[in-house]
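Q: Structure provided below as structure tokens; questions to follow.
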Amino acid sequence: MGLFLVVTALVIALPRAALAHGIGGRGDLPVPLEFFLVGAAVVLLLSFGALAVLWPSPRLQAGPRFRSTGWAVPRWVAGAAAAFGLVFFGLVVAAGLFGDPDARSNVAPVSVWVLFWLVIPFSAAVAGNAWSILSPWRTAGTLLRLDGAPGPGRWGVWPAAFGFAAFAWMELVSGRAGEPRAIGIAAVGYFAFVVVVASRVGIDRAVSSVDTFGVYNRLLSAISPFGRHPDGRIGRRGWLRALPVLPEWPGLVFFVIAMIGTVTFDGLSATPWWDTVSFSLVGTAQTTMWFRTLALIAAVVVVGAAYLGASWWAARIAHKPGAVEVARSFAHTLIPIALAYAVAHYFTLILFEGQLIVPALSDPLGLGWNLFGTVDFKPNYTWLAPTAVWYVQVAAIVGGHLIGVVLAHDRALAVFPADRAVRSQYAMLALMVAFTTLGLTILAV
């Protein structure tokens, strides 16, 4: 909660700037939207039926299965990567505080909202958790010898979850996410916050519990087929294998729900329906911010209530006490869905707005430099057809929910009686179908 207040206070005090988002609605679908919705629902239903027949026992609960002894990252490579992360973060701060106030000419906005917030976490789901090395606050804590106990403490990942909500609010609600100076001040405040916490509990516990970026990358990297052996070596462990053995930290359910709810709000707020509803309800900029804040909270609450409802039904059918306990046990099944939502909504932001980093790196402070000869580079926004965007979005949404169905089925077989495991997932299946329908509808309108 402290992090949320820090970021909120820092951002509210600063002037407004425009936000950038991925490409939203599609007005030129090759066939009517209803065909896609029915097709997606049929895929999930048939997959559920096939799992009930062909997947009679749990297969993923044992965790990673490393196929070799792996390979060790040379110390000089890890040291160089850590130094690069710290120096690049310093560049972002300097650009934000002292660079060109134009968001499209400053390296800070594109670095934070595209590179740190999207590219590195998305890459973690494929190639593993590079942020554990690149993290500037981990590097600073190591240099300052802020040692302590490993892993989250009794607060679990609640601080990081509130931090995720704070960063999502800054991007989607504050109206200042594109303001370089706001980004610079927020970055300094966040860095100081993590280091101060690390001075009390140690850097390992701080990045495991307080650092939003650290927890976010760790959750998504559990999808990746690459991970670390107990001795630190990197090896191939198989896709999805690390998800079922993620610890059920306090706050994990809220973190994952916030991942889905914030992206859902972002999609809804870009639809004509939103414009119609909000037009008569808001007036001044301050009123608009409060309205959007409440709507963001409502989106997270609705997603959370739906998930808890499905967990309650599963607990009831399986004769297990406590919807909250079931929600914790199945929280990992939502991580691929959260990633799918983020990819569907923001991959165009990476491909198009991400090009701004090319000229910005040549002149990061807006001083007329041309370090790499790319300062005159002009982004190309026309090379990807809208129909291709739509098919990528459909594949991401349906694929993410399909993986969620598989993970939920496997976990149900492991924790519920065999004769009730499949029936316990009816409500979860209905939730997956509802989320898929909602996600595709938001993207299409």
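The values are calculated or read from the model by the stated rules, or taken from the named source; none is laboratory data. Everything numeric here is computed off the predicted structure, so don't read it as measured data. Glycine gets a Cβ as well: all are built from the backbone with ideal geometry, and neighbour counts include every protein chain shown.
Q: Would you pick out the residues in segment 201-215 that are assigned to a loop (DSSP other than H, G, I, E, B) and under 19 Å from the mean Cα position of the chain (by Cα)? Walk me through how you get there before you give the answer.
A: First, the residues of segment 201-215 that are assigned to a loop (DSSP other than H, G, I, E, B): 202, 210-211.
Of everything in segment 201-215, those that are assigned to a loop (DSSP other than H, G, I, E, B) and under 19 Å from the mean Cα position of the chain (by Cα) turn out to be 210, 211.
Q: Out of the residues in segment 111-139 that are part of a helix (DSSP H, G or I) and under 17 Å from residue 203 (Cα atoms), which is farthest from the chain's Cα centre (by Cα)? Step through it out loud before you land on a result.
A: Step one: of segment 111-139, the residues part of a helix (DSSP H, G or I) are 111-127, 131-134, 136-139.
Pick out the ones that are also under 17 Å from residue 203 (Cα atoms) and you get 131-134, 136-139.
Numbers: 131: 13, 132: 16, 133: 19, 134: 17, 136: 19, 137: 19, 138: 20, 139: 22 Å.
So the residue we want is 139.
Q: So, one more: Limited to segment 112-168, what total is found for residues that are under 30 Å from residue 293 (Cβ atoms) and among the basic types (Lys, Arg)?
A: 1
Q: Of all residues in segment 30-62, count the ones that are surrounded by 14 or more Cβ atoms within 10 Å (Cβ to Cβ), in a loop (DSSP other than H, G, I, E, B) and either out of contact with any helix residue (DSSP H, G or I) (no Cβ under 8 Å at 6 or more places or on another chain) or aromatic (Phe, Trp, Tyr) (or both).
A: 1
Q: Kindly provide the set of residues from segment 291-304 that are free of Cβ contacts under 8 Å to residues at least 40 places away in the same chain and either under 12 Å from residue 175 (Cβ atoms) or surrounded by 14 or more Cβ atoms within 10 Å (Cβ to Cβ) (or both), ordered by number.
A: Correct list: 291, 295, 297, 299.
Q: From 392, 343, which residue is within 26 Å of residue 109 (Cα to Cα), β-branched (Val, Ile, Thr) and buried (at least 21 other Cβ atoms within 10 Å of the Cβ)?
A: The unique qualifying residue is 343.
Q: Return yes or no: is residue 333 polar (S, T, N, Q) and over 29 Å from residue 109 (Cα atoms)?
A: Taking the combined requirement at face value, the residue satisfies it.
Q: Which residue, of 187, 177, 182, is among the hydrophobic types (A, V, I, L, M, F, W, C) and not in a helix (DSSP H, G or I)?
A: 177
Rundown of residues vs (1) surrounded by fewer than 16 Cβ atoms within 10 Å (Cβ to Cβ); (2) closer than 27 Å to residue 38 by Cα; (3) in contact with a Phe, Trp or Tyr (Cβ under 8 Å, 6 or more places away or on another chain), yes/no style:
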residue: 315; (1), (2), (3): no, no, no
residue: 320; (1), (2), (3): no, no, yes
residue: 325; (1), (2), (3): yes, no, no
residue: 336; (1), (2), (3): no, yes, no
residue: 357; (1), (2), (3): no, no, no
residue: 368; (1), (2), (3): yes, no, no
residue: 373; (1), (2), (3): yes, no, no
residue: 409; (1), (2), (3): no, yes, yes
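Q: Test of understanding: among 232, 267, which residue is more than 24 Å from residue 324 (Cα to Cα), part of a helix (DSSP H, G or I) and touching a residue at least 60 places away in the same chain (Cβ under 8 Å)?
A: 267
Q: Does residue 82 fit the bill of being closer than 30 Å to residue 211 by Cα, small (Gly, Ala, Ser) and modelled with pLDDT under 90?
A: In short, no.
Q: List pairs: first in segment 144-167 and modelled with pLDDT under 90 and in a loop (DSSP other than H, G, I, E, B), second among the aliphatic types (A, V, I, L, M) and surrounded by fewer than 19 Cβ atoms within 10 Å (Cβ to Cβ), Cβ under 7 Å, 6+ apart or cross-chain?
A: 148/201; 153/201
Q: If the requirement is being of a type in the set (D, E, K, R), in a helix (DSSP H, G or I) and either at pLDDT 95 or above or farther than 23 Å from residue 435 by Cβ (or both), which of these qualifies: 241, 218?
A: None of the other options fit; the residue is 218.
Q: Something else about it: I'd like to check which helices (runs of 4 or more DSSP H) are fully inside segment 322-441 and have at least 3 residues that are β-branched (Val, Ile, Thr) and either at pLDDT 95 or above or in contact with a strand residue (DSSP E or B) (Cβ under 7 Å, 6 or more places away or on another chain) (or both).
A: Working: elements: 323-329, 335-352, 357-362, 386-415.
Filter on segment 322-441 gives 335-352, 386-415.
Q: In segment 229-287, which residues are polar (S, T, N, Q) and either closer than 28 Å to residue 218 by Cβ or in contact with a Ser or Thr (Cβ under 7 Å, 6 or more places away or on another chain) (or both)?
A: 262, 264
Q: Additional query: Taking residue 153, is it closer than 25 Å to residue 97 by Cβ and over 20 Å from the mean Cα position of the chain (by Cα)?
A: Values: closer than 25 Å to residue 97 by Cβ: no; over 20 Å from the mean Cα position of the chain (by Cα): yes.
Against the criterion (closer than 25 Å to residue 97 by Cβ and over 20 Å from the mean Cα position of the chain (by Cα)), residue 153 does not qualify.
Q: Look through 111, 132 and report the one residue that is among the polar types (S, T, N, Q) and under 17 Å from residue 167 (Cα atoms).
A: 111
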